[in-house]
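Notes to accompany the following structure.
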Amino acid sequence: MERVAVLWFPGLSNEGPRGDEARAFSEALEIIGEHCPFVGPVRLGLAALPARAPSRFYGGEEAVLDLLRDELGAFAERVGTAVRLGIADGLFAGVMAAREEVLVPPGCTPQFLAPFPVSVLRRAELAVLTQRLGLSTLGWFASLPEDRVLERFGNDGVHCHRVARGEIGDLEGIRDPRIGARLRCLHEVAPSTAQPSFFGGTSLADERAARAAIRLQQRFGPTMVQVARVRPGHDPADRAELVPFGSRPPELADTTAPWPGGLPAPSPTTVFSPPVPVRLTDPAGAPVEVSARGLLTAVPDRCIIAGESRQFGIVAWAGPWPLTTRWWDLRRARARLQVLTDAGVGLLLAAERGGWLLLGRYD
Amino acid sequence: MVHGAPGSGATSFGVSLLAHASSAGHWCAAVGFEDPGVVAMAELGLDLRRAVFVPQPRAGWADAAAELLDGMELILLRPPGRVPHAAARRLMARARERRAALVVVVTDQAQWPVPPEVVVHVERPLWQGAGRGDGRLAARRSEVSVEGRGGFRPRSASVWLPSPTGVVAVADERR
């Protein structure tokens, strides 16, 4: 059976919230790959490589382990993880050998595996059942006749049985099928290649910021982190656009230049998207509207925001400013109105299709 | 921490801190501002080339803030509701460790259970410029008081958020 060298980084086996472990593991693979190009990830924190070729090249299996131990020493110290190496016949035995930090000579795998408890196969049911039968070790389990194993434990039981006997190297479930993709996506969006147009120059701070943003996107999806583009326009919501970080270079127009027909600064610091329906009433409680001539039909007195139980008294207002530029689209004809509530809060409203919408709040 | 009711100017105050950092070449992030008024932020001086927005982090807001503290110099965070003690402590420790600034904008001080280094209260906004149908909302003055831990001398001032010329500035300092 194939000789397999396994490297286990216990400190990188569990992914933390920041994804540092995957990055460090990826770095470890690179270091190993410089000497043993056929190294591959098994699961996070666990790497394996066929041992035959490198041991011929470096002069023995012991020499391969010594070399890797040396090469990874500084890395392991920096990252703060141990490195455990082992060689055995097949991947499963290799993993166990790394756990025990031993080099299992060729052909000795069944003897090596025999004393381990059945639970190392990571089959909870199998472990419990064999325990009940008094077969607590892999050796005892391996000594069962295969037809009895099939009868009692089914096909997967037979698979495990063959692994325990050292007939099969790869235990089903030992490889994480997603690990390749997980590590690839670390590489594909390396800031230096994915974000050139965004940064132009690349200072260290730019790189750090981009990395942080990209990590977030990897964990939560591309829309999690956004950058803003601002363009000339009338309403605050029209003038700003948020796009996923890295998707397009943001426009660097003069963001604060006045725009004909646009509201002068200051703009609302909160822009509701979508706008929130609002009722605007006069002192008698009748709705206030915008007349065909662009004037308020009554004095605005109260403002009731949908979804909020409170009413606001209106102490001052400015406008309405009609928006004439959209005369061709009557449905969207708008006038805007600033109101100041009795709590001192400034609101920006829009008249649309006979009702009012809360566009923004000056927070 | 910047503490103030909606409409008090607390957000503008927080954004002015971001603006200051970004114009000095630092990267900054606004986390949890669901409907950011990007135009207003640009008017307040935020350099949008060095700002990222995490408008809807949902349950991931604490992880997002922690991750961004790793790469950005200043994070403006609006936490959703009341923050668990452990999450607040973890973020503050992360900010210290990374030498980044974490500014939390809250409407209720109890939202953040760990005493921050500095608390800025923004209250009693007073708008100028709008009448009964004429003028426009042109400038706002809010009462800002600052208190901190240790030997921090509490201060208060009336601050333009923003002034008639669009800048955030102290209008009148007291004490």
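The values are calculated or read from the model by the stated rules, or taken from the named source; none is laboratory data. Worth saying up front: this structure is predicted, and the values here are computed from it rather than measured. FYI the Cβ positions are ideal-geometry reconstructions off the backbone, even for glycines, and counts take in every protein chain you see.
Worth pointing out:
- A:GLY154 being in a helix (DSSP H, G or I) and out of contact with any Cys (no Cβ under 9 Å at 6 or more places or on another chain): yes
- When segment B:1-25 is filtered for residues that are facing another protein chain (nearest Cβ under 7 Å) and surrounded by fewer than 23 Cβ atoms within 10 Å (Cβ to Cβ), only B:PRO6 remains.
- The strands (runs of 3 or more DSSP E) located wholly in segment A:1-90 that include 3 or more residues which are touching a residue at least 60 places away in the same chain (Cβ under 8 Å) and closer than 26 Å to A:GLN111 by Cβ occupy A:3-8, A:84-89.
- Filtered residues of segment B:35-55 (kept if free of Cβ contacts under 8 Å to residues at least 40 places away in the same chain and more than 8 Å from chain A (Cβ to nearest Cβ)): B:LEU46, B:ASP47
- Only one of the listed residues (B:LEU18, B:LEU76) is at pLDDT below 95 and closer than 20 Å to A:SER267 by Cβ. That residue is B:LEU18.
- Screening segment A:182-281 for helices (runs of 4 or more DSSP H) wholly inside it with 2 or more residues that are modelled with pLDDT of 60 or more returns the ranges A:204-220, A:236-239.
- Leading residue by the ranking (farthest from the other protein chains (Cβ to nearest Cβ)) among those in segment B:99-128 that are of a type outside the set (A, V, I, L, M, F, W, C) and buried (at least 18 other Cβ atoms within 10 Å of the Cβ): B:PRO116
- Search result, residues across segment A:56-108 that are more than 18 Å from A:LEU44 (Cβ to Cβ), of a type in the set (Lys, Arg) and in contact with a Gly (Cβ under 9 Å, 6 or more places away or on another chain): none
- Qualifying residue in segment B:137-152 (condition: farther than 21 Å from B:VAL120 by Cβ and either at the interface with chain A (Cβ under 8 Å from one of its Cβ atoms) or crowded, with 18+ Cβ neighbours inside 10 Å (or both)): yes
- Members of segment A:111-136 that are more than 22 Å from A:ARG175 (Cβ to Cβ) and in a helix (DSSP H, G or I): A:GLN111, A:VAL128, A:LEU129, A:THR130, A:GLN131, A:ARG132
- Scope segment A:266-321; condition over 14 Å from A:GLY354 (Cβ atoms), surrounded by 14 or more Cβ atoms within 10 Å (Cβ to Cβ) and among the basic types (Lys, Arg); matching residues: A:ARG302
- Criterion applied to B:VAL146, B:VAL104, B:VAL119, B:VAL170 was being farther than 30 Å from A:ARG23 by Cβ, in contact with a strand residue (DSSP E or B) (Cβ under 7 Å, 6 or more places away or on another chain) and in contact (Cβ under 8 Å) with a residue 60 or more places away in the chain, and the one residue passing it is B:VAL119.
- Residue match in segment B:56-68 (condition: more than 9 Å from chain A (Cβ to nearest Cβ) and in contact with a His (Cβ under 9 Å, 6 or more places away or on another chain)): no
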